[in-house]
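Please read the structure below before turning to the comments.
The values are calculated or read from the model by the stated rules, or taken from the named source; none is laboratory data. Keep in mind the model is a prediction, meaning the values are calculated, not measured. Virtual Cβ from ideal backbone geometry, glycine too; neighbours counted across all protein chains shown. Note: accessible area is taken over every heavy atom of the protein model, side chains too, but ligands, DNA and RNA are not part of it. Shrake-Rupley method; radii C 1.70, N 1.55, O 1.52, S 1.80 Å.
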Amino acid sequence: MKKKTFWGGIHPEYHKQVSSETSIQLLPAPEQLVIPLQQHVGSSAKPMVKKGDTVLAGQRIGEAQGFVSAHVHAPVSGTVVAIEARPHSHGKMVQSIILDNDGEETWTDLESHADPIQLSRDQIKQAVTAAGIVGMGGAGFPTHVKLSPPADAEIDYFILNGSECEPFLTADHRMMVEFAADVALGTRLLAKAIGAKRVIIGIETNKMDAIQSLRKHAGNIDIVPLAVKYPQGGEKQLIKALTGREVPSNGLPYECGVVVQNVGTALAAAHAVRDGLPLTHRVITVTGECVQRPGNFLVPIGTSFQQMIEAAGGTKGTVGKVISGGPMMGTAQITTDVPVIKETSGILVLSQEQCAPTHPLACIKCSRCGDVCPAYLLPMRIERAAILGRWDEAEDYGAMDCIECGCCSYICPSKRYLLHYIRLAKNQIMSAKQTRSS
Ligand code: SF4
Ligand code: SF4
């Protein structure tokens with residue numbers, strides 16, 4: 001089988017088998033949910049309810065503020081008991097609606113369409129916007145924004161990202177196996193909304209059952225096997241592997257005629273357009289060496305990380321770190337008292353041994369960091385510029401093109417903090433630009 005791929009990348013241990021073969025479990029909603037008004041890139045939503053209000057499941061409780069924002073909905077029926085700042089998986093306090101679940105599951109009226117593919121492009125986009133759908137692979141970019149490129153942009157390809165290249169995570173894999181018909185429908189709907197000429201689903205070959213399931217529902221969608229390599233699911237790497245095109249430096253995929261969406265996003269789009277369901281639940285992986293029974297769970301947004309870990313049997317051993325997302329690009333958490341949000345792809349609980357601090361040694365100029373960088377950068381040069389505070393030099397070396405995949409830090413035999421310094425350089429370059437433009 002011919003497998004497509006990109007230049008660079010690494011082959012970390014994947015640890016996927018611990019959760020990839022068990023079916024998705026539906027978890028009952030907890031007694032209280034914490035629904036942040038910021039679960040996406042862009043402006044926070046504005047509350048549409050106040051303390052003491054009763055709400056129905058599926059009711060809009062947060063209104064998008066501006067174009068780059070997303071509506072927020074209640075996953076259960078119940079009573080708003082507070083609107084206050086609560087800890088968030090992004091590491092800050094975020095205004096959140098605290099909802100007591102009445103256990104009745106009384107849903108608001110939903111507008112369904114028996115034959116959704118017959119809807120117009122605008123109708124599909126409106127349904128996606130109304131449902132508050134955002135990129136569910138971890139980026140949280142509002143989907144309606146991605147479906148609205150400039151009028152003169154011609155979209156040749158719509159790509160569904162089925163690579164799920166992060167170690168440990170298997171939620172997308174299980175969705176493609178168990179909900180293949182709906183994932184294919186969502187793919188068609190999103191491709192129609194953007195007016196794409198070709199539709200491709202790229203899947204790494206460590207998910208052969210997903211490839212087989214989706215082929216049964218593919219129709220005119222190309223299901224393309226991809227080599228197993230990290231970061232195969234990086235947007236730019238996926239586009240290069242599947243179309244041979246390159247996203248321009250500092251540019252967006254539509255500029256080379258491509259739009260990419262995630263598996264969970266396609267599933268949410270199918271539910272929104274066909275069934276009128278807003279995005280109130282998602283599938284996440286709970287896994288890691290310190291989790292008793294790793295698996296995938298369909299859960300209401302607003303369930304806490306702690307409740308999710310308990311649903312997976314609790315912890316074992318000595319916990320070193322809890323991460324939102326995967327080990328390569330995820331975010332370490334300071335508390336498990338944070339809610340699952342639309343962009344939470346997984347909860348990873350690592351042991352103390354796995355998280356032992358490393359002590360960087362001198363660079364031995366082996367160039368391995370450059371050999372694996374999928375963005376064709378020289379990470380050691382950017383790191384050096386950042387250590388010396390030479391931000392212009394870091395920019396000249398292409399720091400802003402770094403996709404923060406962590407391959408350079410992973411491969412470095414001297415265990416240097418390459419990605420940390422590259423992120424620092426990116427922040428400094430961005431701040432300097434903002435200061436100049438204000
Ligand atoms: S420099 Fe950035 S893009 Fe290149 S390997 Fe390091 S983290 Fe990845
Ligand atoms: S991989 Fe590490 S040791 Fe090798 S050149 Fe890059 S920074 Fe230096």
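Within region 394-411, the residues that satisfy the criterion of being out of contact with any Phe, Trp or Tyr (no Cβ under 9 Å at 6 or more places or on another chain), farther than 21 Å from residue 232 by Cβ and not hydroxyl-bearing (Ser, Thr, Tyr) are 395, 396, 400. When the criteria are applied in full, residue 324 fails the requirement of being under 30 Å from residue 85 (Cβ atoms), among the hydroxyl-bearing types (Ser, Thr, Tyr), away from ligand 1 (no atom under 16 Å from the Cβ) and free of Cβ contacts under 8 Å to residues at least 40 places away in the same chain.
Let's see how each residue does on (1) under 17 Å from the mean Cα position of the chain (by Cα); (2) at pLDDT 95 or above; (3) in a strand (DSSP E or B):
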position	(1), (2), (3)
160	yes, yes, yes
165	yes, yes, no
168	yes, yes, no
174	yes, yes, no
184	no, yes, no
189	no, yes, no
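Taking the conditions exactly as written (over 21 Å from residue 356 (Cβ atoms), more than 16 Å from ligand 2 (Cβ to nearest atom) and either part of a loop (DSSP other than H, G, I, E, B) or touching a residue at least 40 places away in the same chain (Cβ under 8 Å) (or both)), does residue 425 satisfy them or not? Criteria not met by residue 425. Do we find that residue 332 is within 16 Å of ligand 2 (Cβ to nearest atom) and open to solvent by 20 Å² or more (accessible area, probe 1.4 Å) in this structure? Spelling it out, it is not the case that residue 332 is within 16 Å of ligand 2 (Cβ to nearest atom) and open to solvent by 20 Å² or more (accessible area, probe 1.4 Å). I'm trying to understand the selection: among the residues of region 384-416, which are part of a helix (DSSP H, G or I), open to solvent by less than 70 Å² (accessible area, probe 1.4 Å) and near ligand 1 (Cβ under 9 Å from one of its atoms)? The answer is 399, 401, 407, 408, 409, 411. The C-beta contact set for region 386-401 (first residue touching a residue at least 60 places away in the same chain (Cβ under 8 Å), second residue within 16 Å of ligand 1 (Cβ to nearest atom) and charged (D, E, K, R), distance under 9 angstrom, 6+ apart or interchain) comprises 400/426; 401/236. Taking the criterion of being within 21 Å of residue 140 (Cα to Cα), assigned to a loop (DSSP other than H, G, I, E, B) and open to solvent by 50 Å² or more (accessible area, probe 1.4 Å), the residues of region 34-68 that qualify are 41, 43, 59, 65, 66, 67, 68.
With the condition kept exactly as written, say whether any residue in region 268-281 is more than 16 Å from the chain's Cα centre (by Cα), hydroxyl-bearing (Ser, Thr, Tyr) and crowded, with 23+ Cβ neighbours inside 10 Å. Looking for residues that are more than 16 Å from the chain's Cα centre (by Cα), hydroxyl-bearing (Ser, Thr, Tyr) and crowded, with 23+ Cβ neighbours inside 10 Å, one finds none in region 268-281, hence no. When the residues of region 1-26 are narrowed to those that are under 26 Å from residue 143 (Cα atoms), open to solvent by 20 Å² or more (accessible area, probe 1.4 Å) and in a loop (DSSP other than H, G, I, E, B), which ends up modelled with the lowest pLDDT? By that ranking, first place goes to 5.
Inspect region 236-254 for any residue being assigned to a strand (DSSP E or B) and touching a Lys or Arg at 6+ places or on another chain (Cβ under 7 Å) and give the result as yes or no. No, the conditions are met nowhere in region 236-254. Counting the residues of region 127-158 that are modelled with pLDDT of 95 or more and at positive phi gives 1. Cβ contacts < 9 Å: first residue acidic (Asp, Glu), restricted to region 346-367; second residue open to solvent by 60 Å² or more (accessible area, probe 1.4 Å), any location; separation 6+ or different chain. Result? Qualifying pairs under 9 Å: 353/289; 353/317; 353/318.
For the subset of region 84-110 comprising residues that are of a type in the set (D, E, K, R) and under 27 Å from the mean Cα position of the chain (by Cα), which member is surrounded by the fewest Cβ atoms within 10 Å (Cβ to Cβ)? Outline the logic, then answer.
To start, the set of residues in region 84-110 that are of a type in the set (D, E, K, R) comprises 84, 86, 92, 100, 102, 104-105, 109.
Applying the additional criterion that residues be under 27 Å from the mean Cα position of the chain (by Cα) yields 84, 86, 92.
Values: 84: 13, 86: 19, 92: 9.
It comes out as 92.
The set of residues in region 357-383 being aliphatic (A, V, I, L, M) and either near ligand 1 (Cβ under 9 Å from one of its atoms) or open to solvent by 60 Å² or more (accessible area, probe 1.4 Å) (or both) consists of 361, 362, 364, 372, 375, 377, 378, 382. The number of residues in region 207-231 being under 21 Å from residue 167 (Cβ atoms), buried (at least 19 other Cβ atoms within 10 Å of the Cβ) and not aliphatic (A, V, I, L, M) comes to 4.
Yes or no, residue by residue, for (1) in the same structural domain as residue 207 (by TED's automatic domain parsing); (2) open to solvent by less than 30 Å² (accessible area, probe 1.4 Å); (3) in contact with a helix residue (DSSP H, G or I) (Cβ under 8 Å, 6 or more places away or on another chain); (4) aliphatic (A, V, I, L, M):
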position	(1), (2), (3), (4)
233	yes, yes, no, no
241	yes, yes, no, yes
251	yes, yes, no, no
256	yes, yes, yes, no
260	yes, yes, yes, yes
266	yes, yes, yes, yes
283	no, yes, yes, yes
286	no, yes, yes, yes
319	no, no, no, yes
